[in-house]
Amino acid sequence: MTTFKLLATAAMGLESIVANEVKELGYETQTENGKVFFEGNERDIAKTNLWLRTADRVKIIAGEFNAYTFDELFERTKEIEWEKFLPVDAEFPVQGKSVKSTLHSVPNCQSIVKKAIVERLKKAYHRNSFLDETGPRFKIEVSILKDKVQLSIDTSGAGLHKRGYRLDQGEAPLKETLAAALVKLSRWTPDRPFVDPFCGSGTIAIEAAMIGQNLAPGYNRDFDSEEWPWIGQKIWDEVREEAEELANYDQPLNILGTDIDHRMLTIAEENAREAGFADLIQFEQRQVKDFTTTEENGVVVGNPPYGERLGEIEIIEEMIADMGRVFAKHPTWSIYMLSSMGRFETLYGQPATKKRKLFNGFIRTDLFQFWGERSKNK
């Protein structure tokens, strides 16, 4: 087994949650903006891809160096032992980004890195002609920040938010990774009731169910690195078998998703069925102001509509006020709402216990947290 420098990428604001996940899997971490670094071998690449709920991707850091000229970029890239990663028939598209750097032309940087890798591989594999690139895919990224170059190989393929259960979605879907982060931030445990009153296509409820039964989020999907010859199918099979043993399918769950749109509820039910939770998650057509329960110590996690047009904003403001009134009747419940509405607390009728800045895509939002009182029965 080889030890690699690995990188779990994170959406803005989720770095600490991703870092905690990586630590829970047994690794030491270092965190920068949008990046959580750790070390691991081939098996760890498979394990983190399968288990990380809130990370975007897992990458291998192939090389890091400073470059101020295209010649430097070419030569330093060529020095890296790419043949340790890429077989002779590897498909290796190169993507790039450059921020506050001398080498600011991204197309030129991508082209030079590609050419340098080709030259290295042709020499390593004793090839005079071109490389046909008909084999497994190794997506390479050249990232330059303040003249420091980082060359990485994406082990995930499709982003880790693509769990494989979402057959359809609404107009403004919440990424599965962010939905999982909201559930984790709520500190919900599967012995407590869980409600999403704006469930849409069911993503938050499904992510809660996956957490509640300790199901690996990547269990039912493929990854680019599954095709890499130096990792091998045996490792992937072992990691999946281990995930299957850790799953707690017998864990009872009390999860409810509600929405006013019956079309979205149909989509949510289909997605839950695809995820294997058809009998475990309830979906009902209901407005948030009609919420009622006799249970205690529950958790509400939701992403209410943001609204862009004037008429919509007024309706949403009224809905937030309704929410504050109805949840005030259930003081043992904890409420977690992701909203871009600056006046949320005023409309809700009480200050949040805690606020956390998060980004839903490019939209700046806050997670407003209203912690419930513990009931005397618990």
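A single entry from F65, F37 fulfils the requirement of being among the aromatic types (F, W, Y), within 17 Å of the chain's Cα centre (by Cα) and part of a strand (DSSP E or B): F37.
When restricted to residues that are in a helix (DSSP H, G or I) and either without any contact (Cβ under 8 Å) to a residue 12 or more places away in the chain or among the hydrophobic types (A, V, I, L, M, F, W, C) (or both), region 303-324 contains 12.
Take the residues in region 117-136 that are assigned to a helix (DSSP H, G or I) and within 37 Å of the chain's Cα centre (by Cα), then tell me which one is nearest to I153 (Cα to Cα). The selected residue is I117. Of the residues making up region 218-239, at least one is more than 17 Å from V58 (Cβ to Cβ) and within 21 Å of the chain's Cα centre (by Cα).
No other residue among G170, G200, G157, G164 is of a type in the set (G, A, S), in contact with a Phe, Trp or Tyr (Cβ under 6 Å, 6 or more places away or on another chain) and in contact (Cβ under 8 Å) with a residue 24 or more places away in the chain apart from G157. Kindly indicate the residue of region 1-47 that is touching a residue at least 24 places away in the same chain (Cβ under 8 Å) and among the acidic types (D, E) and also nearest to F362 (Cα to Cα) among those meeting that condition. So, considering only residues that are touching a residue at least 24 places away in the same chain (Cβ under 8 Å) and among the acidic types (D, E), the one nearest to F362 (Cα to Cα) is E21.
Only one entry of E119, E81, E64 meets the criterion of being farther than 22 Å from F37 by Cβ, modelled with pLDDT of 95 or more and not aromatic (F, W, Y), and that entry is E119. Residues that are surrounded by 22 or more Cβ atoms within 10 Å (Cβ to Cβ), hydroxyl-bearing (S, T, Y), out of contact with any Gly (no Cβ under 9 Å at 6 or more places or on another chain) and closer than 30 Å to R240 by Cβ occur at least once in region 48-67. Restricting K146, K123 to those that are out of contact with any Cys (no Cβ under 6 Å at 6 or more places or on another chain), more than 23 Å from E21 (Cα to Cα), outside the structural domain of S339 (by TED's automatic domain parsing) and without any contact (Cβ under 8 Å) to a residue 24 or more places away in the chain reduces the list to K123.
If you go through region 91-104 and keep only what is assigned to a loop (DSSP other than H, G, I, E, B), in contact (Cβ under 8 Å) with a residue 40 or more places away in the chain and not charged (D, E, K, R), you end up with F92, P93, S101, T102, L103. Selection of region 260-292 for residues being of a type in the set (V, I, T) and in contact with a Pro (Cβ under 7 Å, 6 or more places away or on another chain) yields only V288.
Does region 12-33 contain at least one residue that is at pLDDT 95 or above, within 17 Å of the chain's Cα centre (by Cα), under 26 Å from N108 (Cβ atoms) and in the same structural domain as F138 (by TED's automatic domain parsing)? No, region 12-33 contains no residue that is at pLDDT 95 or above, within 17 Å of the chain's Cα centre (by Cα), under 26 Å from N108 (Cβ atoms) and in the same structural domain as F138 (by TED's automatic domain parsing). Does region 344-358 contain at least one residue that is surrounded by 14 or more Cβ atoms within 10 Å (Cβ to Cβ) and either within 21 Å of the chain's Cα centre (by Cα) or outside the structural domain of T189 (by TED's automatic domain parsing) (or both)? Scanning region 344-358, I find at least one residue that is surrounded by 14 or more Cβ atoms within 10 Å (Cβ to Cβ) and either within 21 Å of the chain's Cα centre (by Cα) or outside the structural domain of T189 (by TED's automatic domain parsing) (or both), so the answer is yes.
Somewhere in region 105-116, is a residue assigned to a helix (DSSP H, G or I) and closer than 26 Å to N220 by Cβ? Among the residues of region 105-116, not one is assigned to a helix (DSSP H, G or I) and closer than 26 Å to N220 by Cβ, which makes the answer no.
Here's the yes/no breakdown for (1) in a helix (DSSP H, G or I); (2) in contact (Cβ under 8 Å) with a residue 60 or more places away in the chain:
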| residue | (1), (2) |
| --- | --- |
| I235 | yes, yes |
| N248 | no, no |
| T266 | yes, no |
| R273 | yes, no |
| K289 | yes, no |
| E295 | no, yes |
| V326 | yes, no |
| M341 | no, no |
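The values are calculated or read from the model by the stated rules, or taken from the named source; none is laboratory data. All figures in this text were calculated on a predicted structure; none of them were measured in a lab. All Cβ positions, glycine included, derive from the backbone under ideal geometry; neighbour counts span all protein chains shown.
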